[in-house]
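Data block below; observations after.
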Amino acid sequence: MRALVFDRFGEPSEVLQLRELPPPRPGPGQVRVRMIASPINPSDLLLIRGAYGQRTQPPAVPGFEGVGVVEESGGGFLGWRVLGKRVAVLNSHGGNWQEQVVIPARQAVPVPDDLPEEQVASFFVNPATALVMITRVLQVPRGEWLLQTAANSALGKMIIRLGHALGFHTINVVRRPEARDELRSLRPDAVILWKEGDDLSQQLRDQLPQVNLRYAVDAVGGLLGSQIISCLGFGGRLVVYGTLSGQPLQFSPRELMVNSRRIEGFWLAEWTRNQGPLSMLRLFRQIARWMRRGVLVTEVAAQYPLERFQEAIQRAQTSGRSGKVLLRFGPVT
Ligand SMILES: NC(=O)c1ccc[n+]([C@@H]2O[C@H](COP(=O)([O-])OP(=O)(O)OC[C@H]3O[C@@H](n4cnc5c(N)ncnc54)[C@H](OP(=O)(O)O)[C@@H]3O)[C@@H](O)[C@H]2O)c1
């Protein structure tokens with residue numbers, strides 16, 4: 001079977017190679033999944049660069065999520081339950097960018113048949129992060145305002161739709177005019193175009209003078225992320241969940257003292273480790289429900305067969321692509 005492997009950390013286009021590997025066999029409590037498709041997410045690229053929170057040692061196969069069919073069980077009730085089913089393939093250590101993958105049976109999540117393959121491919125990483133940050137960590141109440149950066153990302157769009165569905169308002173920061181135009185169809189409550197040298201809190205005051213901001217989420221860091229702190233009103237909370245700029249946050253401690261502001265991190269992999277099976281089951285059901293209602297859905301920009309992985313990687317790293325890039329392991333339909 002074919003797999004995308006990296007032998008050392010580095011730029012994905014330089015270190016990824018397509019290889020033939022022996023098909024894996026599942027042990028007790030495991031299943032073997034024939035992969036159908038897997039998205040290229042920012043976290044996959046970070047893993048290959050050696051910059052992800054948990055370091056998988058090369059040689060390794062990337063790919064944290066995807067969709068596939070369970071073809072073999074190594075034994076156990078959970079494996080028997082999912083045998084033959086189409087599942088969301090959750091792989092917290094990476095490993096989905098190959099035609100066959102072995103995972104613990106509890107990480108093969110059966111999904112309703114009516115959800116399209118392309119959506120099931122991105123069933124977990126972004127939908128779960130958006131839902132958990134908003135409803136379980138921040139618990140944003142109806143009528144409140146939430147500011148988010150990288151608002152035109154797949155995850156950012158989910159948060160805008162969640163805002164409409166749950167009754168909170170979103171202030172959406174983007175870095176390109178085209179991204180602002182692209183968001184229009186989602187009817188965002190406010191969009192701020194921010195570039196280096198701009199003053200975010202001034203932009204916020206100019207555009208929404210009446211808003212007392214108490215909630216924010218940031219995936220960018222650097223100058224932009226640092227400016228969010230001073231936008232927060234009394235008791236305001238900022239959750240950081242991404243490092244897209246690759247730059248650290250820098251601000252005076254005074255910014256936290258004033259208004260009793262708080263800043264905290266969120267990482268889905270860690271949050272998931274601390275959940276019991278019932279909490280995860282509830283989350284999977286919620287995601288499927290919101291996906292069916294068109295809230296936690298992912299636009300797909302392009303799909304590539306495995307042998308064209310170089311083009312796929314390049315496209316995934318291109319600004320303004322407007323949707324996810326998927327790797328396909330069977331024929332591209
Ligand atoms: N903590 C967690 O557990 C967790 C879980 C899931 C996702 N995430 C993070 O969530 C973020 C979004 O993921 P995604 O899959 O939704 O992303 P995506 O759809 O691939 O979109 C990437 C977005 O990042 C923006 N971007 C890239 N570099 C930037 C920079 N230097 N400054 C500002 N914006 C920049 C792009 O803007 P342009 O369109 O202008 O290029 C685009 O909006 C990522 O950082 C990802 O790692 C974290």
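Which ³J(HN,Hα) values in Hz, rounded to whole numbers, follow from the phi angles of the range 100-117 under the Karplus curve 6.51 cos²θ - 1.76 cosθ + 1.60, where θ = phi - 60° and Gly and Pro get x?
10, 9, 9, 9, x, 4, 5, 9, 9, 9, x, 10, x, 4, 6, 7, x, 3
Any chance you could get the radius of gyration and Dmax over the Cα atoms of the range 35-179, in Å?
17.3, 54
Note the full-extension length gain between R315 and L83 as 0.36 nm times their separation in residues minus their Cα-Cα distance, in nm to one decimal.
Extra length available between R315 and L83 comes to 80.1 nm.
Between R106 and D7, what is the spin-label point distance in nm, taking each point 7 Å from the Cα along the Cα→C-beta axis?
The answer from the label model is 3.7 nm.
Can you compute the FRET efficiency between R25 and R293 using 1/(1 + (r/R0)^6), with r the Cβ-Cβ distance and R0 = 56 Å? Round to the nearest 0.05.
Approximately 0.90, to the nearest 0.05.
So how much slack lies between D114 and D198, counting 0.36 nm per residue of separation and subtracting their Cα-Cα distance, in nm?
25.7 nm
Given H placed 1.01 Å from N in the peptide plane, which residues other than close sequence neighbours of Q303 have an amide H under 5 Å from its amide H?
L326
Around V295, which amide H atoms from residues at least 5 apart in sequence, or from another chain, sit under 5 Å from its own amide H, with H modelled in the peptide plane?
So V295 has HN proximity to no qualifying residue.
Between R184 and R136, what is the FRET efficiency for a Förster distance of 25 Å, r being their Cβ-Cβ separation, to the nearest 0.05?
0.25
As a test of the definition: which semi-axes, in Å, follow for the chain when you take the square root of five times each eigenvalue of its alpha carbon gyration tensor? Largest first, please.
Its equivalent ellipsoid spans semi-axes of 35, 21, 18 Å.
Which percent of Cα-Cα pairs in the range 211-275 sits in each 10 Å bin, short to long?
Cα pair-distance distribution for the range 211-275, in percent: 22, 50, 24, 4.
For the range 126-269, go through all pairs of different Cα atoms, get the mean of 1/r, take its inverse, and jot down that Kirkwood value in Å.
Here the Kirkwood hydrodynamic radius works out to 14.9 Å.
Just the Cα atoms of the range 215-333, one point each, no solvent: what log10 I(q)/I(0) does Debye give at q = 0.10, 0.20 Å⁻¹?
Ignoring solvent entirely, the Cα scatterers give -0.51, -1.14.
Averaging sequence separations of C-alpha pairs under 8 Å and six or more residues apart, then dividing by the length of the chain, give the relative contact order as a whole percent.
In percent, rounded to a whole number, it is 16.
Quick one: which residues, 5 or more positions from Q30 or on another chain, have an amide H under 5 Å from its amide H? H modelled 1.01 Å from N in the peptide plane, none for Pro or chain starts.
HN-HN under 5 Å from Q30: G74, G75, A105.
Within a Cβ distance under 10 Å of G79, other residues only, what is the Lys/Arg minus Asp/Glu net charge?
+2
Taking the Cα centre of the range 274-333 as origin and charging only Cβ (+1 Lys, Arg; -1 Asp, Glu), how large is the dipole, in debye to the nearest 20?
340
Can you list which of the GluC sites (Glu not before Pro) found in the range 267-333 are DSSP loop residues with at most 14 other C-beta atoms within 10 Å?
E299
Each value in this text was obtained by applying a stated rule to the coordinates, not by laboratory testing. Predicted, not measured: the structure shown is a model, and the values here were computed from it. FYI the Cβ positions are ideal-geometry reconstructions off the backbone, even for glycines, and counts take in every protein chain you see.
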